[in-house]
Amino acid sequence: MNHNLLKAAVFSMAALLAAAVPAFAAPAKPPNQVEINDRITTSGQPSAEWLADLKAQGFEAVVYLAPATVSDAVKEEALILSRQGLTYVNIPIQFDKPSDRDFAQFAAIMDALATQKVLVHCQINLRASSMVFLYRAISRKENPNTAYESVTKVWAPEGAWKPFIQKQLKKHQISFEPF
């Protein structure tokens, strides 16, 4: 067989195989993912596949801010993360009823994880972005204007979240009016 003809046949076979076998694709990033800094990232609900790769991405802990019973929750999230040696905390904040206790618990957890790279997520990054903003402005004493920019990448808080944010800022004597 002619050498050039053999080369062409091998090339054609490789092209056919490449077309027939889909390329490996990394799991899709979670919705509304926002990197706050090198230590904190917020997002909506990640897939089980994406969570399975968190340690390789440098994460050390996950804080989930929705009830584990919501329909799109990853049922085995705690197990997926524990297999990687990651810390997992669930604070089941009712979306229409965020409370002072929820924020106090969240702030205490974030303080305890202060040296770790943390993913804070919920269903679509509304709870997460709001609680991380409050934590940054109240507990970390960051400039509220700067801290609030990450919230605006995701949403304009409304419903129960608008008065909740205002109440927390006032309670902690933070002079900032985001609305």
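The values are calculated or read from the model by the stated rules, or taken from the named source; none is laboratory data. Note that this is a predicted model, so its numbers are computed, not measured. Please note: Cβ atoms are built from the backbone with ideal geometry, for glycine as well, and neighbour counts cover all protein chains shown. Areas reflect the complete protein model, heavy atoms only, side chains present, ligands, DNA and RNA absent. Shrake-Rupley method; radii C 1.70, N 1.55, O 1.52, S 1.80 Å.
Of the numbered criteria (1) modelled with pLDDT of 95 or more; (2) within 30 Å of Leu169 (Cβ to Cβ), the one Val70 fails is (1). Could you check the range 152-174 and list, in sequence order, the residues that are under 18 Å from Tyr135 (Cβ atoms), in a loop (DSSP other than H, G, I, E, B) and either touching a Gly at 6+ places or on another chain (Cβ under 7 Å) or free of Cβ contacts under 8 Å to residues at least 12 places away in the same chain (or both)? Scanning the range 152-174 gives a single hit, Gln173.
Assess whether Lys117 counts as being open to solvent by 20 Å² or more (accessible area, probe 1.4 Å) and in contact with a Lys or Arg (Cβ under 6 Å, 6 or more places away or on another chain). Against the criterion (open to solvent by 20 Å² or more (accessible area, probe 1.4 Å) and in contact with a Lys or Arg (Cβ under 6 Å, 6 or more places away or on another chain)), Lys117 qualifies.
With respect to the conditions (1) open to solvent by 70 Å² or more (accessible area, probe 1.4 Å); (2) over 23 Å from Val132 (Cα atoms); (3) modelled with pLDDT of 95 or more; (4) of a type outside the set (A, V, I, L, M, F, W, C), Glu60 falls short on a single one, namely (2). Checked against the criteria, Ala112 counts as modelled with pLDDT of 95 or more and open to solvent by 60 Å² or more (accessible area, probe 1.4 Å). Quick check on my filter: what residues within the range 129-179 are in contact with an Asp or Glu (Cβ under 7 Å, 6 or more places away or on another chain), closer than 24 Å to Ala112 by Cα and open to solvent by less than 40 Å² (accessible area, probe 1.4 Å)? Hit for the range 129-179 is Arg136, nothing else. Against the numbered list (1) under 17 Å from Leu126 (Cβ atoms); (2) acidic (Asp, Glu); (3) without any contact (Cβ under 8 Å) to a residue 60 or more places away in the chain, Asp96 comes up short only at (3).
Among the numbered conditions (1) open to solvent by 20 Å² or more (accessible area, probe 1.4 Å); (2) outside any helix (DSSP H, G or I), the only one that Thr42 does not meet is (1).
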